[in-house]
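Accompanying notes for the structure given below.
The values are calculated or read from the model by the stated rules, or taken from the named source; none is laboratory data. The shown structure was predicted, so the numbers you read here are calculated from the model rather than taken from an experiment. Using ideal geometry, Cβ is built from the backbone for each residue, glycine included, and neighbour counts are taken over all protein chains shown.
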Amino acid sequence: MKRYNPTEIEKKWQQVWEENNTYKVDFSDHSKPKYYAMSMLPGITGAGIHTGHGRTFQFSDIKVRAKRQQGYNAYHPIGWDSFGLPVENYAIKIGKKPRIAHDEALVNFKRQLKRLGYSYDWSKEVSTADPEYYKWTQWIFNQLFAHGLAYQKQSPQWWCETDQTVLANEQVEGGKCWRCGNQVTKKNLKQWFFKITEYADEMLEATDDLDWTEMVKTMQKNWIGRSVGAEVEFKIIGRDDLITVFTTRPDTLFGATFIALAPEHELVKNLANDKTRQAVDDYVLQSARKSEIERMNENREKTGVFTGSYAINPVNGEKLPIWVADYVLAGYGTGAIMAVPAHDERDNAFAKKFDIAIKQVIMPCEIDQNNPPQDGFDMVERDTVVVHLMDKSTGQFALLDWHGTLDGVSTAIMGGIEDSQTSAEAALNEIKEEAALGGVKIVKELDWTTAALYCASHKSQNRKAIARAFLAEVDNLDNQGTISDAESKIHKLIWVDKKDVATHLTPAHQKLVWQLLNENSLISGEGELINSGTFDGMQSSEAREQIVDWLEQQGTGHIKTTYKMRDWLISRQRYWGAPIPIIHCPDHGAVPVPDNQLPVILPDVDDFKPKGGETSALASVADWVNVECPLCGKPSKRETDTMDGYACSSWYFLRYLDPFNDKQAWDPEVEKHWGPVDFYNGADHAVAHLLYSRFWMRFFYKLGLVSTPEPFKRMMYNAYILAPDGTKMSKSRGNTIDPLEIMDSGYGADSLRVYEMFIAPYDLEAPWDTRGVPGAYRFLNRVWKLAQEYIEAGDLNLDDKVQTEITVIANRITKKVTEDILNDKFNTAISSMMEAVNDYYKIKEKNGIGKSTAWSFAIESLLQILAPFAPHITEELWNQLGHSDTVHIDHWPKWDDKYLQNDTVTIVIQVNGKLRAKLDVSKNISQIEIEQLALDNDNVKTFVGDKKPTKIIYVPGRLLNIVV
RNA sequence: GGGCGAGUGGCGGAAUGGUAGACGCGCUAGACUCAAAAUCUGGUAUUCGCAAGGAUGUGGGGGUUCGAGUCCCCCCUUGCCCACCA
């Protein structure tokens with residue numbers, strides 16, 4: 001018998017596939033349905049990939065291999081993210097030019113990917129740093145420019161003083177530079193932007209319908225961050241101009257007690273008077289010097305100064321002081337807010353610090369006015385408990401706990417019930433402390449111990465029962481006057497359960513309770529309006545609309561939608577990127593380089609490192625910078641910034657479809673057939689890259705260059721594999737595992753691949769287990785031996801029962817694996833194949849193995865469904881079985897449902913929901929028969945006894961539950 | 001602080017509301033061997049019992065259901081993303 005030697009057969013078949021162009025796709029071949037799958041392209045930074053990356057790349061490989069076997073023309077491209085900061089920084093680190101550093105690093109990437117046996121079409125490789133590629137990136141820039149979606153604007157940008165360079169948002173981690181770890185600041189520079197906000201609404205609305213991993217969709221929606229609210233105009237006393245604020249809570253407009261402007265707000269300097277000017281100027285200057293990070297790190301202590309001016313609240317004519325405060329962000333909304341300290345935490349903190357009025361306008365009473373509570377305390381919409389006390393003589397209430405911590409009270413009391421009298425007292429003391437901390441006013445002291453001891457003396461599992469009993473008893477005692485002590489107070493511990501325990505609070509009482517609360521706490525939610533003139537009594541949601549309507553009639557406000565997402569800043573003052581194809585002419589301003597002069601080649605420079613200042617190294621290449629204006633021929637200068645690396649990777653999936661086209665970026669006809677990407681996966685870039693790609697795709701769609709507005713039909717966001725120590729695998733931690741190392745130690749690519757898929761479901765982080773690959777190797781070795789024994793054996797006559805047994809297994813796993821691959825459940829696909837192989841071994845031991853219809857189908861179907869996971873061993877065995885073609889094209893087994901229906905089934909017999917017996921019966925058995933069999937069963941009898949079943953649940957083919 | 005997930009043996013994990021712990025790792029006993037490795041066979045949640053079998057058991061507390069790891073409510077722990085976004 002031949003031994004399984006992965007090293008030998010993997011090398012052999014990789015060579016054969018390359019020579020035969022097995023995975024090469026002919027775009028013009030439309031004879032089969034198309035399937036286009038890919039993983040996010042790797043950034044080339046030298047280390048090569050580790051086993052965590054390997055897993056990511058494999059998901060698309062399995063999808064594409066399965067489809068290829070199922071008769072699709074399946075395309076699996078590969079390319080390199082070659083431009084951008086990571087590559088340039090890597091080059092700086094190793095002291096080589098980026099081009100050289102990149103090309104050298106790429107060698108190892110390719111070696112790794114090839115050895116892992118991914119079925120890429122290597123003939124269509126793409127690199128974002130090739131002039132043939134970035135020519136079209138620049139062309140896209142021109143298109144965006146021509147359509148008003150690329151523009152220049154003065155804007156503050158992250159700046160690292162240590163590295164003397166600007167940083168992209170994503171390169172700032174927690175306020176620190178990703179490279180040197182020092183704090184970053186902001187610097188005001190003229191920058192290029194792409195107007196992604198133009199598509200914010202469109203993308204947001206399309207997000208829900210995408211067949212993408214939910215988490216990614218949520219992150220994208222949060223990032224776009226749409227808020228619907230209103231813009232309200234405030235007149236400034238003694239001036240003609242207005243302050244416009246944005247708010248999502250126009251229903252709190254009557255509660256505004258001051259206006260706050262961002263220090264960068266243009267009106268600030270005009271609003272100061274002689275008295276305040278010095279303070280205001282100082283504050284603005286100070287804020288500008290502070291980085292945003294510093295602002296955040298100051299423990300959110302609010303700062304600000306009064307400008308000396310006042311604004312008029314359009315709804316009630318109140319005079320509101322105008323402040324400057326850096327907690328107001330210049331970049332969001334209008335850079336100005338109306339502050340409602342009674343209902344906004346930040347405004348509240350500010351108002352308290354500077355002693356500004358706080359005016360409550362919302363009563364957070366959750367009473368549905370259309371359906372007022374009849375005889376229940378329905379204010380708290382949860383099945384939980386409220387502890388409060390009431391003084392009947394004054395009608396006053398106090399809550400001891402409420403809202404989110406309500407359950408804390410019940411838990412504490414339950415603790416008292418369960419433990420002892422002592423702990424009951426302790427628990428109740430805790431509640432009192434908590435009440436004091438929460439600022440709740442205790443109107444009258446209650447004899448807590450009485451209540452707690454009652455609970456403690458009535459131990460029971462059922463909280464509700466205790467509550468009922470206690471209520472009854474207290475009521476009873478009360479009526480008899482025994483609980484009313486000398487101080488004539490009435491103590492009640494009321495358990496509130498929405499459905500069950502009705503207490504006796506009227507809506508008026510509920511309001512009273514809330515009012516007591518409101519004196520001490522901030523109401524940030526919704527409720528009923530008070531102190532709001534004609535809008536009093538309205539619910540927030542209605543008041544919002546009515547107030548905006550009213551403002552609109554007065555011409556002082558309107559509905560407004562804002563987004564957190566900002567336009568995409570693409571300028572990089574760095575060398576290693578696609579040059580922005582712009583020429584600055586003294587007369588014509590920014591003029592795009594004509595399409596027929598593209599690409600603007602990135603010149604080779606010796607010193608590419610950022611010098612600080614505000615330009616890239618390109619600024620020093622005089623003969624490159626100094627050119628003539630394309631419009632008038634006047635001496636002009638090239639733009640010396642390069643484009644963000646994300647720009648280069650926002651359209652590569654289109655270039656994959658036409659990588660050698662020198663007439664256009666891609667042929668729309670090819671895209672029409674092959675687009676969009678059917679399956680896309682990655683473990684990173686959940687927000688930026690995917691949003692940018694969607695933005696460009698929508699733009700191309702409007703231009704008629706592509707056939708759909710969304711680039712990725714299905715997007716799978718997989719989790720990382722962690723290092724064995726449970727931390728993230730990273731080069732800096734030194735805990736990465738090189739796939740080459742594992743393959744070279746004799747296990748080969750197939751074992752590694754199988755383990756990578758078996759380790760955990762795709763969306764779960766799991767630590768790498770060094771013993772895992774040997775486990776996968778054992779499985780493949782068992783497959784190998786099984787196939788070898790079959791190949792070497794002669795004819796074998798099996799009786800029908802055994803034939804069927806084998807065939808049933810083969811059909812079962814074929815169905816299971818087919819469906820699991822479709823549903824991205826790769827780990828269970830493998831475990832079911834392991835199970836099947838174990839079953840085959842048992843049958844083989846008992847009945848032998850040899851040439852027969854059943855064994856033939858079992859072996860061949862197993863190899864076919866295993867092929868996407870372990871392509872080499874399956875190809876080798878397929879070949880040894882005598883096939884001259886490859887198993888990887890057009891070979892997928894079919895299952896027949898008739899083998900999946902057993903004649904006998906195991907029925908689980910339960911008594912009161914507990915398993916008491918299992919019966920093997922014919923699948924056609926009637927309910928009456930199975931009931932009789934069950935009731936005759938000895939073990940069932942002991943649990944049913946003489947009792948008569950009150951109910952029998954029968955799930956045909958599965959289970960019988962006898963309820964007695 | 002906000003949003004979204006997750007919590008099941010010693011470990012990774014499995015389970016359309018219907019037999020919890022598949023499959024693998026590890027551990028363990030045995031077979032083969034002079035021996036070891038490799039391989040094969042059996043065992044492996046806790047607990048009571050000679051056994052048959054019983055009781056308990058999916059972070060904690062409640063609920064819905066004939067039946068809950070799964071659905072609902074609250075709490076705890078943990079991961080990721082965003083974070084003074086009005």
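Observations on the structure shown:
So that you can scan it fast, the table gives a plain yes or no per residue for (1) polar (S, T, N, Q); (2) under 34 Å from the mean Cα position of the chain (by Cα); (3) surrounded by fewer than 21 Cβ atoms within 10 Å (Cβ to Cβ); (4) not in a loop (DSSP other than H, G, I, E, B):
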site: A:Glu10; (1), (2), (3), (4): no, no, no, yes
site: A:Glu18; (1), (2), (3), (4): no, no, yes, yes
site: A:Ser28; (1), (2), (3), (4): yes, no, yes, no
site: A:Gly46; (1), (2), (3), (4): no, yes, yes, no
site: A:Ala66; (1), (2), (3), (4): no, yes, no, yes
site: A:Ile92; (1), (2), (3), (4): no, yes, yes, yes
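- Checklist (1) assigned to a helix (DSSP H, G or I); (2) buried (at least 19 other Cβ atoms within 10 Å of the Cβ) applied to A:Phe857, failing item: (2)
- Taking the listed residues A:Leu786, A:Leu722, A:Leu780, A:Leu764, the one that is surrounded by fewer than 22 Cβ atoms within 10 Å (Cβ to Cβ), within 15 Å of RNA strand B (Cβ to nearest atom) and under 30 Å from A:Gly848 (Cα atoms) is A:Leu786, with no other qualifying.
- Taking each residue of the stretch A:822-845 that is more than 9 Å from RNA strand B (Cβ to nearest atom) and looking for partners that are of a type in the set (Ser, Thr, Tyr) with beta-carbon atoms closer than 8 Å, six or more apart or interchain, yields A:Asp824/A:Tyr762; A:Phe826/A:Tyr762.
- Given (1) surrounded by fewer than 20 Cβ atoms within 10 Å (Cβ to Cβ); (2) modelled with pLDDT of 70 or more; (3) of a type in the set (Val, Ile, Thr), index of the condition A:Val184 fails: (1)
- Number of the exception - A:Thr818 against (1) touching a residue at least 40 places away in the same chain (Cβ under 8 Å); (2) surrounded by 19 or more Cβ atoms within 10 Å (Cβ to Cβ); (3) under 21 Å from A:Trp878 (Cα atoms): (2)
- Scanning the stretch A:726-769 for residues that are touching a strand residue (DSSP E or B) at 6+ places or on another chain (Cβ under 7 Å) and farther than 22 Å from A:Met834 by Cβ gives A:Gly726, A:Lys728, A:Met729, A:Glu765.
- Within the stretch A:48-62, being part of a loop (DSSP other than H, G, I, E, B) and small (Gly, Ala, Ser) holds for one residue alone: A:Gly48.
- The residue that is farthest from RNA strand B (Cβ to nearest atom), among those in the stretch A:308-337 that are within 10 Å of A:Leu261 (Cα to Cα) and not in a loop (DSSP other than H, G, I, E, B), is A:Ile322.
Every residue, every condition in (1) surrounded by fewer than 22 Cβ atoms within 10 Å (Cβ to Cβ); (2) closer than 23 Å to A:Gly335 by Cα; (3) not β-branched (Val, Ile, Thr), yes or no:
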site: A:Ser541; (1), (2), (3): yes, no, yes
site: A:Gln546; (1), (2), (3): yes, no, yes
site: A:Leu551; (1), (2), (3): yes, yes, yes
site: A:Gly555; (1), (2), (3): yes, yes, yes
site: A:His558; (1), (2), (3): yes, yes, yes
site: A:Ile570; (1), (2), (3): no, no, no
site: A:Ala578; (1), (2), (3): no, no, yes
site: A:Ile583; (1), (2), (3): no, no, no
site: A:His588; (1), (2), (3): yes, no, yes
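- Those helices (runs of 4 or more DSSP H) lying entirely in the stretch A:191-275 with at least 1 residues surrounded by fewer than 21 Cβ atoms within 10 Å (Cβ to Cβ) and more than 14 Å from RNA strand B (Cβ to nearest atom): A:200-207, A:268-271
- Selection over the stretch A:139-162 of residues that are in a loop (DSSP other than H, G, I, E, B) and within 19 Å of A:Phe699 (Cα to Cα) gives a count of 3.
- Residues of the stretch A:30-44 that turn out to be assigned to a loop (DSSP other than H, G, I, E, B) and touching a helix residue (DSSP H, G or I) at 6+ places or on another chain (Cβ under 8 Å), as a count: 5
- Of residues in the stretch A:334-357 being under 30 Å from the mean Cα position of the chain (by Cα) and under 18 Å from A:Lys235 (Cα atoms), the one surrounded by the fewest Cβ atoms within 10 Å (Cβ to Cβ): A:Thr334
- Residues located in the stretch A:338-347, provided they are part of a loop (DSSP other than H, G, I, E, B) and more than 6 Å from RNA strand B (Cβ to nearest atom): A:Val340, A:Pro341, A:Ala342, A:His343
- Positions within the stretch A:20-63 being closer than 20 Å to A:His888 by Cα and either without any contact (Cβ under 8 Å) to a residue 24 or more places away in the chain or acidic (Asp, Glu) (or both), in sequence order: A:Asp26, A:Asp29, A:Asp61
- For the stretch A:841-854, a tally of residues being surrounded by 17 or more Cβ atoms within 10 Å (Cβ to Cβ), more than 15 Å from A:Pro893 (Cβ to Cβ) and not basic (Lys, Arg) returns 5.
- Long-range neighbours under 6 Å by Cβ, at least six apart or interchain, first residue among the hydrophobic types (A, V, I, L, M, F, W, C) within the stretch A:937-949, second more than 10 Å from RNA strand B (Cβ to nearest atom) and modelled with pLDDT of 85 or more: A:Val940/A:Ala934
- For the criterion of being in contact with a Ser or Thr (Cβ under 8 Å, 6 or more places away or on another chain), more than 30 Å from A:Asn142 (Cβ to Cβ) and modelled with pLDDT of 90 or more, A:Met716 passes.
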